[in-house]
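**Q** Let me give you the structure first, and then I'll get to my questions.
The values are calculated or read from the model by the stated rules, or taken from the named source; none is laboratory data. These numbers were taken from a predicted model, which means no experiment stands behind them. Cβ sites come from the backbone with ideal geometry, for glycine too, and all protein chains shown count toward neighbours. Side chains are part of the model used for accessible areas, which takes the heavy atoms of the whole protein and leaves out ligands, DNA and RNA. Shrake-Rupley method; radii C 1.70, N 1.55, O 1.52, S 1.80 Å.
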Amino acid sequence: MQRIFYQGITILLGGLLTVSACTKNSVDETTPATVSSFGLMQDRILTPTCATSGCHASVSDATFKQHGLVLEKSVAYENLIGVVPLNALSKGDGHLRVKAYKSLESLLYHKLNWDASHHGGKQYGSPMPLGSTALTVGQIEFVRRWIEAGAPKTGEVVDAKLLDDKTPSVSANDDFKAIGTPQSEGVAGYQLKVDKFTIQPNFERELFVRRNIGNTADIYVNRIKLQSRANSHHMVLYDFRDRTTLPIIDQVRDLRNADNTLNGATIFQMANHIFLGGGTQANQEYTFPEGTALLLPTNYSIDLNPHYFNKTTGNLYGENYVNLYTTDKAKVKNVVKTIDLNHTNFSLPANTKTIVSKDFTFDKSVKIVMLTSHTHKYGEKFVIKIKGGTRDGEVVYENLDWEHPAIKNFITPISLNKNEGLTSVVTFNNTSNQKVSFGLTSDDEMDIIFGYYYEQ
């Protein structure tokens, strides 16, 4: 049935006549209701840029264990509002994925805004959408205003015209500005670089390159600063267990071939790695506890490992800088050493989920300042517990993503006495038809605790 509005009178076709406040319009009762602000955000931002294959589309996405967030239309709102994030730094700052009326306490807003200056320079992991271009100024402001309006599921609370604002929120990809050297800050140190490289369309590029530090004497590193281009997933620094079989200096070694198959030679070399530093933030800094430093011997080299995503149809670029800040030996009370606790004696039956546990103890009293983990593709969950003492059995580390293990720094070091230690508890899900044991290839498995400690 159609209504005709004319000079304050509504005529219902069929003979009924009523008074109306509307004038000079003709509409159909079947006209759809206006889309809510959240509905617009879902259709214009979340669905096309976030709920894509491999990211936040479903629980089967490769990265789901890392973030635990699905933004598919039927569940996005409930998965955002009032939910505590898995991101440890954001969680520690008291954030929710979306906290109504509080955009600066909402992880969604921080992840979509690539300019970290709006939240004190902090970065809560990689900016989103990873492997794509940043949202526009208008899109980010739409999200911010929606949150500040209470983040309602229904109703119009934000001007939809903001979504049409195409102003870039960050500079073009090639406007990347490198950080200065430690000397430019008036302090001692060294800078290493991964030269600018191409990430081909719809490709995930991860590479390694061994660089000489250039130190002609032993150095004591007490601070590490990293810088990456946009769309970086991680930047990790590695040392080597066996320094008699090192990769060729300055040679770029890709993890994946151009056809996306894994490079076997690179995987083999990865088995010789010991974690030295880094993480998943594009720009981050780590300072060792006061009076402690990492000793790197004369003429040392380390492996640099950047990892980028490109989900666009054009080329993107990677480029990374590492600043190693040094201090005088006289100021170092405790030399930080690398934790490398390696469990090699285990077996995983075919098509079976198996929990493997291993105790490691220290023969001296130690203070642990960082922990991370390492498994291959069958590793579903990695837990580290304290072994012995008053904190026996306490969980101090947990990771659910074997490809991108969590790196946990302890502002207050974990103090362990002699004969106390750590326990690794790893859940493996061997989905293959063959028994799997410890080994160097991608079809084998590993169970390793990495970290830093110093002796008490």
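**Q** Once you keep just the Cα pairs under 8 angstrom separated by 6 or more residues, what percentage relative contact order results for segment 311-404?
**A** Contact order relative to length: 18 percent.
**Q** Which value results for Rg/Rh of the chain when Rg is the Cα radius of gyration and Rh the Kirkwood radius based on the inverse mean 1/r?
**A** 1.07
**Q** Next question, about the same structure. Using θ = phi - 60° and the Karplus form 6.51 cos²θ - 1.76 cosθ + 1.60, what ³J(HN,Hα) does each residue of segment 181-187 get, whole Hz, x for Gly and Pro?
**A** In residue order, the calculated couplings are 6, x, 4, 5, 9, x, 10 Hz.
**Q** Check cross-link reach from residue 358 to the lysines: straight Cα distance under 22 Å, and skip same-chain residues fewer than eight apart.
**A** Candidates past the 8-residue exclusion: 337, 367, 377, 381, 385, 387, 408, 418, 435.
**Q** Quick check for you: with a 1.4 Å probe and neighbouring chains kept, what is the accessible area per residue of the chain, in Å²?
**A** 48
**Q** On to the next question. If all Cα-Cα distances of segment 60-108 are sorted into 5 Å bins from 0 onward, what percent lands in each bin, rounded to whole numbers?
**A** Bin by bin from 0 Å, the calculated values are 5, 23, 28, 25, 14, 5, 1.
**Q** Normalising by the residue count of the chain, find the relative contact order in percent from Cα pairs under 8 Å and 6+ residues apart.
**A** Dividing the mean separation by the residue count of the chain yields 14 percent.
**Q** List the trypsin sites (Lys or Arg not before Pro) within segment 206-265 that fall in a DSSP loop (any state other than H, G, I, E or B) and whose Cβ has at most 11 other Cβ atoms within 10 Å.
**A** 243
**Q** Give me the percent relative contact order of segment 328-456, please, defined on Cα pairs under 8 angstrom at least 6 residues apart.
**A** The normalised contact order for segment 328-456 reaches 44 percent.
**Q** Suppose accessible area is computed on protein heavy atoms with a 1.4 Å probe; arrange 238, 124 from highest to lowest.
**A** Of 238, 124, the descending order of accessible area is 238, 124.
**Q** If you line up the long axis of helix 137-148 against the longest principal axis of the chain, both from Cα atoms, how many degrees apart are they, to the nearest 10?
**A** Roughly 80 degrees, rounded to the nearest 10.
**Q** List the residues, sorted by chain then number, that are 5 or more residues from residue 233 or on another chain and whose placed amide H is less than 5 Å from its amide H.
**A** Close amide H contacts, sequence-distant or interchain: 307, 308, 309.
**Q** Rounded to the nearest 500 deg cm²/dmol, what is the calculated helix-only ellipticity per residue at 222 nm for the chain, with -39500 (n - 2.57) per DSSP H run of length n ≥ 4?
**A** So the helix-based figure for the chain works out to -2500 deg cm²/dmol.
**Q** Taking the highest mean first, how do the peptides 329-338, 177-186, 127-136 order by number of other beta carbon atoms within 10 angstrom per residue?
**A** Listed from highest to lowest mean packing, they are 127-136, 329-338, 177-186.
**Q** May I ask for log10 I(q)/I(0) of segment 332-456 at q = 0.13, 0.15, 0.20, 0.21 Å⁻¹, from a Debye sum over the Cα atoms as equal point scatterers with solvent left out?
**A** Normalising to I(0) and taking log10 leaves -0.52, -0.67, -1.07, -1.15.
**Q** Rounded, prolate or oblate, given the Cα gyration tensor of segment 271-381, with a/c below 1.5 counting as rounded?
**A** oblate
**Q** Considering amide H positions built from the backbone, and no H for Pro or chain starts, which residues 5 or more places from residue 256, or on another chain, come under 5 Å of its amide H?
**A** 206, 263
**Q** Could you list the GluC sites (Glu not before Pro) in segment 127-165 that lie in coil according to DSSP, counting only those with at most 15 other Cβ atoms within 10 Å of their Cβ?
**A** Answer by residue number: 156.
**Q** Would you please classify the overall shape of segment 199-312 from the alpha carbon gyration tensor, given that a ≥ b ≥ c denote the square roots of the eigenvalues, rounded means a/c under 1.5, and beyond that prolate means a/b larger than b/c while oblate covers the rest?
**A** Here segment 199-312 falls in the oblate category.
**Q** Cross-link partners among aspartates and glutamates for residue 311, C-alpha distance below 12 Å, same-chain residues fewer than 8 apart left out?
**A** Result set, ordered by chain and number: 204.
**Q** When a/c reaches 1.5 or more, the comparison of a/b and b/c decides; with that in mind, is segment 86-229 rounded, prolate or oblate per its Cα gyration tensor?
**A** Here segment 86-229 falls in the prolate category.
**Q** A further question follows. Using a cut-off of 15 Å between beta-carbons, work out the net charge of the residues near residue 181 (Lys and Arg +1, Asp and Glu -1, residue 181 not included).
**A** Here the count lands on +3.
**Q** Same structure, new question: First compute the accessible area of the chain with a 1.4 Å probe, then give the percent of it belonging to carbon and sulfur atoms.
**A** 51
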